[in-house]
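Here's the structure we're looking at; comments come further down.
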Amino acid sequence: MPIPLYGFLEGDTVGLLILADEEETVQTLARKLQDAAHLRVARRDHAHLFYNGKAMDPALTIAQAAFEAFDRFDVISGWQR
Amino acid sequence: MLSREEWLPLARKLDWDYSYVREDEVFPQVISGHPWLPHSEWKDWEESFKTSYREYVDNQYEKDMAVKAVRDAVGRIENVQKLAAPWLNGLKVHAAALPLGEFTGVIGNLRGARFGRDSAWRTMATFGALDEYRHTQIPLLLFHELVKFDSQFDWAHKFYHTNNWFAVAARHFFDELTVGQNAIEFHIATNFVFETGFTNLQFVGLASLARESSDHMFERMVTSIQTDEARHAQIGHPVLATVMKHDPRYAQYLVDKWFWRNWRLFSILTGLSTDYLTALDQRPYSFKEFMEEWIIDQFLRTLDEFGLQKPWYWEILMDELDIYHHMIYASAYSYRATLWFNFVIPGPPERKWLRQKYPKHWDDMDAVWEQVSERWRTVGPGPENELAVHGTAMPAFCDLCQLPLSAGTPRKNTARVVAHQGRKYIFCSQPCQWIFLEEPERYANHKDVVKRVLSGEAPADLPDLLTEYFRLTPETWGKDVYHGSYEWLAARKTSAT
């Protein structure tokens, strides 16, 4: 069952509804948001996904990262761990 | 026979004591509003116009004849065809939002005409209801003529009868402001905040833009409407003064709440026309400049007169003046097929002007327009490529204002998720969250468009959502006015190759 999430890409003008699969990784989710917003924001490398104020390990799955429906996540470029 | 000066005070100020029922049964708090006070506290309610019904009818007749003369002279299709295409599309926004929004004002005023607490208030609200009928009928009449010329003008009547996302937002606003509101909150929110505070944007700002754009029919129509607004807007002041005397905290709450809700609506209604859909050489000022001169300064003076404070979110509002409507416009451009009017991309001269007017965040907005332009450059201009330069993922909406989550800045969107009684809500901004949490029982059961899609109430497939739920067709859904064919973009392509 996909999990509906609110995604916010740095540089974009609007939040988007992104459906995440439990088994996909944080990195895939970040990419999914970048693809969804690509009309307005150029794709950038080294984008990091933030959830509940923390930078998430890109290799974690959505289930492991314990995302819940209708939560917010942010994708920010140029952030250094 | 009594003279006018002897008769009018008797007719418009006629109150009596009830002997068979209690006063609170005649004027129940639930529909007359808070605070409930005996009539002795309202008996000095006054306004300065003191119009008789005969005078009202004579005046309105003359004004209607003047509008009709202007329509006959400059409101024909051949006149409208001469207007610039971007302006025409701004006109479609107002054609849709104005007439039936005004009609909801009939309902609110009739509630005041029955449940207002003083007879002079009720008399004035009766005229207010008649005014709002006029403000429904005149634009419906004028814009109906234009349907033959452009079927998007059909949305003048159709808009509020659809589940288009912007119609959902506008209904959410007007249902609370006018249709389902008690008399006290209606007259403070509508007459004091909406009409005194904000309609200058429409009736002064847009009227001057219409004049600059040679749209004399629209200019005359809104100017005629303004003369009514100036009169019935006076109802709100004495209502607010009495509420302020007995419950100043509640008065402040109503003003704060409705100023924010109005800001959200008008920043879109007027902001897009002022800064994007009016030709550059016909823009006498920016939306921000107009807000500062006609809304902000005047509103602060009025608050001071009543002993009210600035709304707690004032700094947030001041920040939004620089960016909110820009984020909305860029977002709406990229989802233009979900709307009933067409858009333009700001070209280099427009972007230079926008940078001068909005230096704080324009770099971020410019990057967005560069990216959108680049997509057109890649796929090439033409109506067949419209959907190749269009968003595909679903935008998300605020659970209070029902508008896209486009607040804050492109670098830091201010949307926030809040759990309330086991359900999660998202708000575009702190003030929208605050309004919701002050009266959650009023808002909590409303579903935004995203949740309607997820629950199966609305189609998830974009073409079905547009046609079945938003009631658009390929002919009427929004497009780029020039289908991506801009000289400046073509020149850039040539130099790139």
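Among the DSSP beta bridges whose two residues both lie in chain A, what percent are antiparallel, rounded to the nearest 5?
On the way: 13 of 17 bridges.
Of those bridges, close to 75 percent are antiparallel.
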Review point. Of B:PRO349, B:LEU2, A:LEU29, which is farthest along the charge dipole of the protein assembly as shown in the positive direction, counting Lys and Arg as +1 and Asp and Glu as -1 at C-beta?
Key: B:PRO349
**Study point:** Within 10 Å of each Cβ in B:360-367, the average number of Cβ atoms from other chains
**Key:** 1
Check your understanding: In terms of modelled amide H atoms, which long-range or inter-chain residues lie less than 5 Å from the amide H of B:GLY408?
Key -> B:THR414
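Rounded to the nearest 500, what is the 222 nm mean residue ellipticity of chain B from helices alone, with -39500 (n - 2.57) per DSSP H run of 4+ residues and division by all residues?
Values: 26 runs with 267 residues, N = 497.
Helix contribution divided over all residues of chain B: -16000 deg cm²/dmol.
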Exercise for review: Specify which residue in the list B:ALA415, A:VAL14, B:LEU405 is farthest towards the positive end of the charge dipole of the protein assembly as shown, using unit charges on the beta carbon of Lys, Arg (+1) and Asp, Glu (-1), about the Cα centre.
Suggested key: A:VAL14
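Once you list every other residue whose beta carbon is under 12 Å from the beta carbon of B:THR338, what net charge do they have if Lys and Arg are +1 and Asp and Glu are -1?
Numbers: positive: B:ARG336, B:ARG471, B:LYS479; negative: none.
Local net charge: +3.
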Exercise for review: Would you give the gap between the C-alpha center of the stretch B:373-401 and the C-alpha center of the stretch A:1-68, rounded to a whole Å?
Suggested key: 20 Å
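Using Cβ counts within 10 Å as a stand-in for footprinting exposure, how do B:MET1, B:MET318 rank, fewest first?
Numbers: B:MET1 4, B:MET318 13.
Exposure proxy ranking, most exposed first: B:MET1, B:MET318.
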Exercise for review: State the Cα centre-to-centre distance between the stretch B:1-44 and the stretch B:134-185 in whole Å.
Suggested key: 33 Å
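By count of other Cβ within 10 Å, fewest leading, how are A:ASP71, B:ASP448 ordered? Could the numbers behind the result be given before it?
Values: A:ASP71 17, B:ASP448 22.
The fewest-first ordering by Cβ neighbours comes to A:ASP71, B:ASP448.
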Review point. Using the 10 angstrom Cβ neighbour count as an exposure proxy, how do B:TRP260, B:TRP434 rank, fewest first?
Key: B:TRP434, B:TRP260
Review point. R0 = 45 Å: FRET efficiency of A:GLN64 with B:GLU438, Cβ-based, nearest 0.05?
Key: 0.75
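Please report the antiparallel percentage of DSSP beta bridges with both residues in chain B, rounded to the nearest 5. Don't jump to the answer; show the numbers that get you there.
On the way: 7 of 8 bridges.
So the antiparallel bridges amount to about 90 percent of the total.
Computed from the coordinates by the stated procedures, all read-outs in this text should not be read as laboratory data. Please read these numbers as outputs of a predicted model, since none were measured by experiment. All Cβ positions, even for glycine, are placed from backbone atoms using ideal geometry, and neighbour counts span all protein chains on display.
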